[in-house]
1. May I ask you to list the residues in the range 104-135 that are part of a loop (DSSP other than H, G, I, E, B) and either among the β-branched types (Val, Ile, Thr) or in contact with a Gly (Cβ under 7 Å, 6 or more places away or on another chain) (or both)?
2. Checking Glu69 against (1) of a type in the set (D, E, K, R); (2) out of contact with any Asp or Glu (no Cβ under 8 Å at 6 or more places or on another chain); (3) more than 16 Å from Arg132 (Cα to Cα), which test does it fail?
3. Could you please find all residues in the range 136-171 being assigned to a loop (DSSP other than H, G, I, E, B) and closer than 25 Å to Trp111 by Cβ?
4. Out of all the residues in the range 98-120, which are hydrophobic (A, V, I, L, M, F, W, C) and more than 20 Å from the chain's Cα centre (by Cα)?
5. Only one of these conditions is not met by Ala174: (1) closer than 24 Å to Val36 by Cα; (2) assigned to a helix (DSSP H, G or I); (3) touching a Leu at 6+ places or on another chain (Cβ under 9 Å). Which number is it?
6. Looking for whichever is more than 15 Å from the chain's Cα centre (by Cα), modelled with pLDDT under 85 and exposed (fewer than 14 other Cβ atoms within 10 Å of the Cβ) here; the options are Arg154, Arg196, Arg131. Which one fits?
7. Of the numbered conditions (1) surrounded by fewer than 19 Cβ atoms within 10 Å (Cβ to Cβ); (2) over 29 Å from Gly135 (Cα atoms), Asp58 satisfies every one except a single condition; which is it?
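The values are calculated or read from the model by the stated rules, or taken from the named source; none is laboratory data. Being a predicted model, the structure only gives us computed values, none of them experimental. A quick note on method: Cβ atoms are made from the backbone with ideal geometry, for glycine too, and the neighbour counts reach across all protein chains shown.
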Amino acid sequence: MAWPIDLDSEVALVTGGSRNIGRAVASALQTAGARVCIWGGSDREALDAALDALGGDDSTAMGALVRVEDENAVVAGYDNIEARYGPVSILVNSAAVRPYDALATMSRETWTRTVDVILTGAFLTSRELFRRLPGERNGAIVNLGGISAHRPARNRAHVIAAKAGLIGLTRALAEEGLGRIRANCVVPGAIDTERRAGQKASRFIDEAGYARGTPGDVADAVLALADPAKPYVTGQTVHVSGGRFMP
């Protein structure tokens, strides 16, 4: 980052923190001094690998398998974080499922599952932060949106609807949290998240002429919005997309 960010007094929760962007965000928050908890959905191996990458001991990082669409699981997950670190002050909602399915053949189950994880999960985790953050503390919520909500694609109606809903939720959270809890949405563009072993992480240009980004590019934006020293930005949708979308 271009300025020092001090998160030594912060406790951060990153949903979808086992892989790719969520994992990069967790690392950035920890490097800035936060105690970090990452939640994964069901892949224990990926969760353990992410925790190993964070290193240290459980005084700086912890993880759990928590289905964010399960209200009871979210409440219990927050209880576990508070028991070890204290109240969550930074929440990054990165949990998502992104199946491809044509509208005409999409099942109700697929639709519901997608919206539940992306949108309802963000509601449940955000509600817990609002309920639990002590009155004298300030907090930050950063939701991870999707460029498909701004440049629609085929076979993605469920994902597009859920990600578009995150923008509305972000604004609602910002309004209700004014003066205490900031809420913003970061929208990644094409991110290089499927590197083969040994592949360099440098950017490359796709056939349309746009650069693909790295998870670290998105993590930098999230970290800036989580910085308690920058309290004036809230309710915004920030695109990190190499020019693929220019609002």
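1. Leu133, the sole residue that qualifies.
2. Condition (2) is where Glu69 drops out.
3. Here is the first cut: in the range 136-171, the residues assigned to a loop (DSSP other than H, G, I, E, B) are 136-138, 145-146, 150-156.
Across the range 136-171, the qualifying residues are Gly145, Gly146, His150, Arg151, Pro152, Ala153, Arg154, Asn155, Arg156.
4. Matches in the range 98-120: Ala102, Leu103, Ala104, Met106, Trp111.
5. Status for Ala174: all satisfied but (3).
6. Values: Arg154 fails: modelled with pLDDT under 85; Arg131 fails: modelled with pLDDT under 85.
The match here is Arg196.
7. Of everything listed in (1) surrounded by fewer than 19 Cβ atoms within 10 Å (Cβ to Cβ); (2) over 29 Å from Gly135 (Cα atoms), Asp58 misses just condition (2).
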